[in-house]
Amino acid sequence: MDKLRFEPCLPADWEMFKVHYRYRETVYHITILQERNGKGGTRVIVDGVEQPENTIPLVDDRQEHSVEVRINAAHS
């Protein structure tokens, strides 16, 4: 199965950005959010379902999918 993996490393002053990623005939609308809660870690949510790894399973179902990547930046 094809996957898109996230290991984001963003500038500290970036709060959010969006990417529209096409996989064959399917579009993934990806929002990357950087939060400062001190916990560290990353969560990936596809169509409201949290993924067990920092990946999106890429499926060519000709639908549009909503993805949130939440980066919980640890305080330095």
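The values are calculated or read from the model by the stated rules, or taken from the named source; none is laboratory data. Worth saying up front: this structure is predicted, and the values here are computed from it rather than measured. Reconstructed Cβ throughout: ideal geometry from the backbone, glycine too, with neighbour counts over all protein chains shown. For the accessible areas, the whole protein counts, side chains as well, though only heavy atoms, and no ligand, DNA or RNA atoms are used. Shrake-Rupley method; radii C 1.70, N 1.55, O 1.52, S 1.80 Å.
Say we look at the stretch 38-76 and pick out the residues that are more than 18 Å from PRO11 (Cβ to Cβ) and modelled with pLDDT under 90; which of these is most open to solvent (accessible area, probe 1.4 Å)? Write out each step before concluding.
Let us first name the residues in the stretch 38-76 that are more than 18 Å from PRO11 (Cβ to Cβ), namely 38-39, 41, 43-68.
From the residues that got through so far, the ones that are modelled with pLDDT under 90 too are 38-39, 41, 52-54.
Details: GLY38: 35, LYS39: 163, GLY41: 45, PRO52: 128, GLU53: 84, ASN54: 49 Å².
Selected residue: LYS39.
Out of all the residues in the stretch 1-37, which are touching a residue at least 60 places away in the same chain (Cβ under 8 Å) and surrounded by fewer than 10 Cβ atoms within 10 Å (Cβ to Cβ)? Please lay out each step first, then the result.
Filtering the stretch 1-37 for residues touching a residue at least 60 places away in the same chain (Cβ under 8 Å) gives 6, 8, 10, 12.
ALA12 - this is the single residue of the stretch 1-37 that is touching a residue at least 60 places away in the same chain (Cβ under 8 Å) and surrounded by fewer than 10 Cβ atoms within 10 Å (Cβ to Cβ).
Out of curiosity, is VAL67 out of contact with any Cys (no Cβ under 6 Å at 6 or more places or on another chain), at negative phi and without any contact (Cβ under 8 Å) to a residue 24 or more places away in the chain?
On the way: out of contact with any Cys (no Cβ under 6 Å at 6 or more places or on another chain): yes; at negative phi: yes; without any contact (Cβ under 8 Å) to a residue 24 or more places away in the chain: no.
No; evaluated as a whole, the condition is false for this residue.
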